[in-house]
1. Taking the stretch 115-155, which residues are more than 19 Å from Ile243 (Cα to Cα) and aliphatic (A, V, I, L, M)?
2. Taking the condition of being exposed (fewer than 15 other Cβ atoms within 10 Å of the Cβ) and hydroxyl-bearing (Ser, Thr, Tyr), how many residues in the stretch 20-37 meet it?
3. Would you confirm whether any residue within the stretch 167-184 is of a type in the set (A, V, I, L, M) and farther than 25 Å from Ile96 by Cβ?
4. Identify the residue in the stretch 182-199 that is part of a loop (DSSP other than H, G, I, E, B) and over 20 Å from the mean Cα position of the chain (by Cα) and, among all such residues, is nearest to Glu213 (Cα to Cα).
5. Scanning the stretch 147-186 for residues that are among the polar types (S, T, N, Q) and in contact with a Phe, Trp or Tyr (Cβ under 7 Å, 6 or more places away or on another chain), which turns out farthest from Ala202 (Cα to Cα)?
6. Please verify whether Val71 is among the β-branched types (Val, Ile, Thr) and over 21 Å from Ala143 (Cβ atoms), treating the condition exactly as stated.
7. Take the residues of the stretch 54-101 that are surrounded by 22 or more Cβ atoms within 10 Å (Cβ to Cβ) and of a type in the set (Ser, Thr, Tyr): which is farthest from Tyr113 (Cα to Cα)?
8. Would you mind finding the one in Pro115, Pro133 that is under 23 Å from Cys15 (Cα atoms), at pLDDT 90 or above and touching an Asp or Glu at 6+ places or on another chain (Cβ under 9 Å)?
Amino acid sequence: MADKITVGYTHLSGCTGCTVALADNYAGLLTLLDRYVDLKYIPTLADARHVQKVDVSFIEGSVCINDKLAVEELKETREKSAVVVALGGCACYGNITRFSRGGQQNQPAHEAYLPVGDVIKVDVFIPGCAPTPQLIRNVAVMAYLLLKGTKEQKDLATLFLKPLMEATENTHACFCELMTKVINQSLCMGCGSCASSCPVNAITMEYGKPQGERDLCIKCGACYNQCPRSWYSFDVVDNYEAINEAIMAALQ
């Protein structure tokens, strides 16, 4: 049996879609749990609910700063984790929770939400609303190889994770990032993922290219998360076959 890494899962203000994406790995998830990961706690899928000391913590959802317990749980997660991963658009950029202004019937005082990186140090972003099951699985495998693998495996894991680690420098994303980092770099392929993901319809497709309305944009990060080219990395592309072979070998 492999020398497993310990993993925890903190659920804050989110829709649980990221948890569903994790579970959608089916047999791949079972392989991870059997060989590589000791899942210490996850509120939705396991009985253990309290934050424990682990190697890697996944955090789903943004944090309500009006909720003292949520803020304390987030800070406790940082203290007890060697690596913290922001999972999904809400944790990375705030996403749709930036709409909240309080007044909800069940929690009328909850009016201010932040991406977790605005409160604690985050090591890795996994973007998307929700992230694809394959991306969550691949990050989990690469996290294991980075911590427990051979030198060659650690080098590949570093190449794979580097773009997701560098993304933590910015907890705000909007159509402006798409314009400067994707469209202006001739990386846009006109797929329309950004327009379909925008919760306020601030993006339309004109002549096969996205056009953004600055006055409508709420800077939720959904479009930037969803774009397949926003995380483009030559390090990953140039080593794609080796990285893919390492992941597939681990899941055999």
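1. Of everything in the stretch 115-155, those that are more than 19 Å from Ile243 (Cα to Cα) and aliphatic (A, V, I, L, M) turn out to be Val116, Val119, Ile120, Val122, Ala130.
2. 1
3. Kept after step one, since they are of a type in the set (A, V, I, L, M), are these residues of the stretch 167-184: 167, 173, 178-179, 182-183.
Going one step further and asking which of them are farther than 25 Å from Ile96 by Cβ, we end up with none.
Checking the stretch 167-184: not a single residue is of a type in the set (A, V, I, L, M) and farther than 25 Å from Ile96 by Cβ.
4. Gly192
5. Taking the stretch 147-186 and keeping what is among the polar types (S, T, N, Q), we get 150, 153, 158, 168, 170-171, 180, 184-186.
If we keep only those that are in contact with a Phe, Trp or Tyr (Cβ under 7 Å, 6 or more places away or on another chain) too, we end up with 168, 171.
On the way: Thr168: 25, Thr171: 20 Å.
Selected residue: Thr168.
6. Details: among the β-branched types (Val, Ile, Thr): yes; over 21 Å from Ala143 (Cβ atoms): yes.
Yes, satisfied.
7. For the stretch 54-101, the residue satisfying everything is Ser81.
8. Numbers: Pro115 fails: touching an Asp or Glu at 6+ places or on another chain (Cβ under 9 Å).
From the options Pro115, Pro133, the qualifying one is Pro133.
The values are calculated or read from the model by the stated rules, or taken from the named source; none is laboratory data. Remember, predicted model here, so these are calculated numbers, not experimental data. Reconstructed Cβ throughout: ideal geometry from the backbone, glycine too, with neighbour counts over all protein chains shown.
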